[in-house]
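Student: The structure is given below, and queries will be raised subsequently.
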Amino acid sequence: MTVWLLCCGISLINPPDTAVQTVSLFAVYAVFVFGFLGMMSGEVLIVCARGLIIGSTALGLRPYVVRFEQMTPGGVVPLRRARRLPRQLGFQGVRSTFRTNPWIDRAVYLTGPSAAQARRHRALIAPVIDGGAWTADDKHMWLIGVNRAPEEAVAAIASAARASGHTALARAAEEAAQQPVRTLTGRPRDAAEQIPGLHPGIAEALRRRDS
């Protein structure tokens, strides 16, 4: 809504000749702005029998598939204040594996395959923002926004993982779902404590940067 109002306000600096043209222009802005927001809100986390479907359901976009055997036991946790993770890790911009909307507060964090390994199609632009492995076991970080309690989503992952025979992953996820939800501070010095699997060298560099 704010973006739409801003566009309309800028248009009034040099308005069209007639009221009909003005209304038509505002309608065009609405289609583009709210259409874009609708595409962004299509991010999903679907728990399946053998893994997760992660990503956008918008027309023309394809989600990622992360199998349970690709995930690190102990690397699945529920988070709040999820928007703070990039700042806490000390980088800007977006990543293919960070599947959140700007207004999302709750999320599931996990360590698993790279975006390229989870991608089920050829991509031209996405590889530019794939990012590297930041964990001690050379895994990649995934952040998936959810609209329900994040601990419930983690518990669902644990249940599906146990049913498919991935008991170590299931047991660790069950424990994470029963613990208090981690609320990210956004401070790099807290990264080692709040972000599972973070490489010790990266954690130390973040701590020094924030000291």
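The values are calculated or read from the model by the stated rules, or taken from the named source; none is laboratory data. Fair warning: this is a prediction, and the values are worked out from it, not measured in the lab. Counting neighbours? That spans all protein chains shown, and the Cβs are built from the backbone with ideal geometry, glycine included. The protein model used for the area step is the full one, side chains on, heavy atoms only, and it has no ligands, DNA or RNA in it. Shrake-Rupley method; radii C 1.70, N 1.55, O 1.52, S 1.80 Å.
Student: Go through 104, 13 for me and flag whichever is assigned to a loop (DSSP other than H, G, I, E, B), modelled with pLDDT under 55 and among the β-branched types (Val, Ile, Thr).
Tutor: That would be 13, the only listed residue that is assigned to a loop (DSSP other than H, G, I, E, B), modelled with pLDDT under 55 and among the β-branched types (Val, Ile, Thr).
Student: If you don't mind, there's one more thing I want to ask. Which residues, counting only those in the stretch 101-117, are open to solvent by less than 10 Å² (accessible area, probe 1.4 Å) and of a type in the set (A, V, I, L, M, F, W, C)?
Tutor: Within the stretch 101-117, 107, 108, 110, 115 meet the criteria.
Student: Of the residues 66, 77, which single one is in contact with a Gly (Cβ under 8 Å, 6 or more places away or on another chain) and not polar (S, T, N, Q)?
Tutor: Going through 66, 77 in turn, the sole match is 66.
Student: Can you name the number of the only condition in (1) surrounded by fewer than 16 Cβ atoms within 10 Å (Cβ to Cβ); (2) basic (Lys, Arg); (3) in a helix (DSSP H, G or I); (4) free of Cβ contacts under 8 Å to residues at least 60 places away in the same chain that residue 120 fails?
Tutor: Checking residue 120 against (1) surrounded by fewer than 16 Cβ atoms within 10 Å (Cβ to Cβ); (2) basic (Lys, Arg); (3) in a helix (DSSP H, G or I); (4) free of Cβ contacts under 8 Å to residues at least 60 places away in the same chain, the one that fails is (3).
Student: Quick one: count up the residues across the stretch 78-100 that are touching a Lys or Arg at 6+ places or on another chain (Cβ under 9 Å), touching a residue at least 60 places away in the same chain (Cβ under 8 Å) and on the phi < 0 side of the Ramachandran plot.
Tutor: Summing the residues that are touching a Lys or Arg at 6+ places or on another chain (Cβ under 9 Å), touching a residue at least 60 places away in the same chain (Cβ under 8 Å) and on the phi < 0 side of the Ramachandran plot in the stretch 78-100 gives 7.
Student: Could you grab me the full set of residues in the stretch 79-99 that are under 22 Å from residue 192 (Cβ atoms) and open to solvent by 10 Å² or more (accessible area, probe 1.4 Å)?
Tutor: Passing the criteria: 80, 81, 83, 84, 86, 87, 90, 91, 92, 95, 98.
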